[in-house]
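Since the structure comes first, as C-alpha cells, the remarks are kept for the end.
The values are calculated or read from the model by the stated rules, or taken from the named source; none is laboratory data. All of these numbers come straight from a predicted model, not from anything done at the bench. Reconstructed Cβ throughout: ideal geometry from the backbone, glycine too, with neighbour counts over all protein chains shown. Heavy atoms of the whole protein, side chains included, go into the accessibility calculation; ligands, DNA and RNA do not. Shrake-Rupley method; radii C 1.70, N 1.55, O 1.52, S 1.80 Å.
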There are 2 protein chains.
Amino acid sequence: MQYPEPIAQLIESYMKLPGIGNKTATRLAFYTISMQDDDVTNFAKSLLSAKRDLHFCSICGNLTEDDPCPICQDKSRDQSTILVVEEPKDIISMEKMKEYHGLYHVLHGVLSPIEGTGPEDINIPSLLTRLQKDDTVKEVIVATNASSEGEATAMYLSRLIKPAGIKVTRLAHGLSVGADIDYADEMTLFKAVEGRTEL
Amino acid sequence: MQYPEPIAQLIESYMKLPGIGNKTATRLAFYTISMQDDDVTNFAKSLLSAKRDLHFCSICGNLTEDDPCPICQDKSRDQSTILVVEEPKDIISMEKMKEYHGLYHVLHGVLSPIEGTGPEDINIPSLLTRLQKDDTVKEVIVATNASSEGEATAMYLSRLIKPAGIKVTRLAHGLSVGADIDYADEMTLFKAVEGRTEL
C-alpha cells in the first residue's frame, strides 16, 4: 500500500530539498496536513513568488526584486569599495554588521578545479567589467569563505586586479569573538598568532 | 537591510515547519530559488493539493482522498479484526509488513492526562460505535507506541472493550530484529526476557 497520491507527491517535493530524506519528508508532509489552511496557502504562494519575482541584479549579482538592486541604486553608499562575496546571503550577513557602507559583488560560487569551476563559470568577468568601466573603485575586499576554494579564489582575484592599481584586501583570520582557545583548530590558531596586533 | 520580501516570506513559511529554525529555513529558501521552475511549481501544487484533497475516513480516521478509505471499502479484508494505531502513517508501516489483512482505526493521538487529552479528544468514541454497530469484530489489536501514554491508552481500551466479549491484544515488546543486546535498554531487555518463547 502506498500513501494517498497527494501526500506521496508532497513527500517527494520535500525530499528534493537539501538534507531532507524520506523520514523527515514524511514527517513534514503529515505536519503540513495538520497546519492552518492559511499557512499552507501562504507557503505555496511564497514558493511561487520567490521563484518568479526574484532576479539577480545585473550589476552586482545580488538577489533582488528590482534591477539594479537597492544597494547598487543607493548613490549615498561608498562607490570606491567593492566587497566580493560567494553568495547573495553573505551580503545580508555583512549588512547586519552595519559597519560596511560600500558596494558588493556576488560571485555565485568559487573557483574549484576539482568541480571544473573556472573564472568564466562564476561572476568574475562581470566584476572585471565593473572595475574597467570607471576608475572610482579604489579597493576590492575579497570576502570569500575561509575554505581552500575561497582562499584560492581570493588569490586569483588579487593577481588579476592588483596590476590595475586597485587595492585588494582579504578578511582577517583569527579567533571568533568569545571563542575558547582550546576549541580552536590549529590553522585558526596559527592565523591568530600570525596576525596578532599590538595592544 | 532585510532580505527581499519574497525570500523573507519564504523563510518565514519554512520556519513554520517542525524542527526548522532560522538558519535552515534561510538555506532552504535560497536553495528553492536555485531549483528548477517545474519542481517549485509542483511543490506549491502538492502543498495545496495535500491540504485540499485529503480527508479523514469517516469510518476509521485514516487519511484518504475517497471516503470511506480504500481499506474500509475493501470487503476482501478480514472484517473481524481491527488494529488501532495512533497516527495515519502507522497504517502505512503496518501495510508495508504485508502480513496484516484486517481493518484499522486511527486514534489521532493518545490519552495524556498531562496534556489534558481525554478519551473524547481522540477517536475512541468512534471506535466504540464501530464495535457496537455489528458483532463481526472478534479482536482489537492495540498498536499504540511503546511510550507510557501509548501503554496507558492500550490499558484503557482493553478495560473498555474486553467486557463486550471482544479479544483485546497488544503488540509484543522485545528486542528489535538484528539488535545488539548490549545496546538494548533495561525495560526492553526485561520485556524480552518476560516474553521469551520456547524453541
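In a Debye calculation with equal point scatterers on the alpha-carbon sites of chain B and no solvent, what is log10 I(q)/I(0) at q = 0.11, 0.12, 0.17 Å⁻¹? At q = 0.11, 0.12, 0.17 Å⁻¹ the computed log10 ratios are -0.73, -0.82, -1.16. For the residues of B:50-60, the average number of beta carbons from a partner chain within 10 Å of their own beta carbon is 4.
Among residues of chain B, the one whose beta-carbon sits closest to the B-to-A rotation axis is listed with its distance in Å as B:44, 2. Peptide packing: for B:20-27, A:121-128, B:94-101, the average count of neighbouring Cβ atoms within 10 Å per residue gives the ranking A:121-128, B:20-27, B:94-101, highest mean first.
Between copies, residue B:19 shows label-point distances of 1.2 nm, shortest first, with the point placed 7 angstrom from Cα along Cα to C-beta. Label separation (residue A:99 vs residue B:117): 5.0 nm, computed from points 7 Å beyond Cα along the C-beta direction.
Per-residue shielding of A:24-35, expressed as the average number of other chain Cβ atoms within 10 Å of the residue Cβ, stands at 4.
Here region B:125-181 is treated as a sphere whose radius is the Kirkwood value from Cα pairs; by Stokes-Einstein at 20 °C and 1.002 mPa s it diffuses with a coefficient of 168 µm²/s. Distance from the C-alpha centroid of region B:55-76 to that of region A:138-199: 62 Å, rounded to the whole angstrom. Between helix A:148-161 and chain A there is an angle of about 40 degrees, using the helix long axis and the longest principal axis of the Cα atoms. In order along region B:183-198, the Karplus-derived 3J(HN,Hα) couplings, from 6.51 cos²θ - 1.76 cosθ + 1.60 at θ = phi - 60°, round to 9, 6, 7, 4, 5, 5, 4, 4, 5, 5, 5, 4, x, 4, 10, 7 Hz, and Gly and Pro are given as x. Using alpha carbons only, how many degrees (0 to 90, rounded to 10) separate the axis of helix B:5-15 from the longest principal axis of chain B? Taking the Cα atoms of chain B, the angle to B:5-15 is about 20 degrees. Shown here are the Rg and Dmax of the Cα trace of the protein assembly as shown, at 29.5, 93 Å. Of B:165, B:154, B:125, which is farthest towards the positive pole of region B:76-170's charge dipole, taken about the Cα centre with +1 and -1 on the beta-carbons of Lys, Arg and Asp, Glu respectively? Checking the options against the dipole of region B:76-170, the answer is B:165.
Enter the buried accessible area of the B/A pair, total of both sides, probe 1.4 Å, in Å² rounded to the nearest 100.
Working: alone 13890 and 13910 Å², together 23240 Å².
Answer for the B-A pair: about 4600 Å² buried.
Residues whose amide H lies under 5 Å from that of residue A:63, counting only those 5 or more places away or on a different chain, are A:57; hydrogens are built 1.01 Å from N in the peptide plane. Taking every pair of distinct Cα atoms and averaging 1/r, then inverting, what Kirkwood hydrodynamic radius in Å comes out for region B:1-109? It is 16.8 Å.
Expressed as a fraction of 2.2 N^0.38 Å, the value expected for a compact globular protein of N residues, the C-alpha radius of gyration of region B:5-53 is 1.17.
Leaving ligands, DNA and RNA out of it, report the carbon-plus-sulfur percent of the accessible area of the protein assembly as shown at a 1.4 Å probe. All intermediate terms of the calculation are to be shown ahead of the outcome.
On the way: 12160 of 23240 Å².
That share works out to 52 percent.
Can you give the helix-only mean residue ellipticity at 222 nm for the protein assembly as shown, where every DSSP H stretch with n ≥ 4 adds -39500 (n - 2.57) and the sum goes over all residues, rounded to the nearest 500 deg cm²/dmol? About -13500 deg cm²/dmol.
Ordering A:72, A:26, A:44 by Cα displacement along the dipole of region A:1-103 toward the positive end leaves A:26 in first place; charges were set at the Cβ atoms of Lys, Arg (+1) and Asp, Glu (-1). Rounded to the nearest 20, the size of the Cβ-charge dipole of region A:76-170 about its Cα centre is 360 debye, with Lys and Arg at +1 and Asp and Glu at -1. If R0 equals 41 Å, the separation of the Cβ atoms of residue B:134 and residue B:39 corresponds to a calculated FRET efficiency of about 0.30. The mean count of C-beta atoms from other chains within 10 Å of the C-beta of residues in A:9-16, rounded to a whole number, is 6. The label-point distance for residue B:55 and residue B:184, in a model that sets each label 7 Å from Cα toward Cβ, rounds to 4.6 nm. In units of the rule-of-thumb radius 2.2 N^0.38 Å, region B:76-170 shows an alpha carbon radius of gyration of 1.03.
If you look at the Cα atoms of region B:30-85, you get an Rg and a Dmax of 17.2, 52 Å.
Accessible area per residue, 1.4 Å probe, Å², for the protein assembly as shown: what's the number? Could the numbers behind the result be given before it?
Values: 23240 Å² over 398 residues.
For the protein assembly as shown, the solvent-accessible area averages 58 Å² per residue.
Placing a label point 7 Å from the Cα of residue A:65 along the Cα-to-Cβ direction, the distances to the matching points in the other copies come to 3.7 nm, shortest first.
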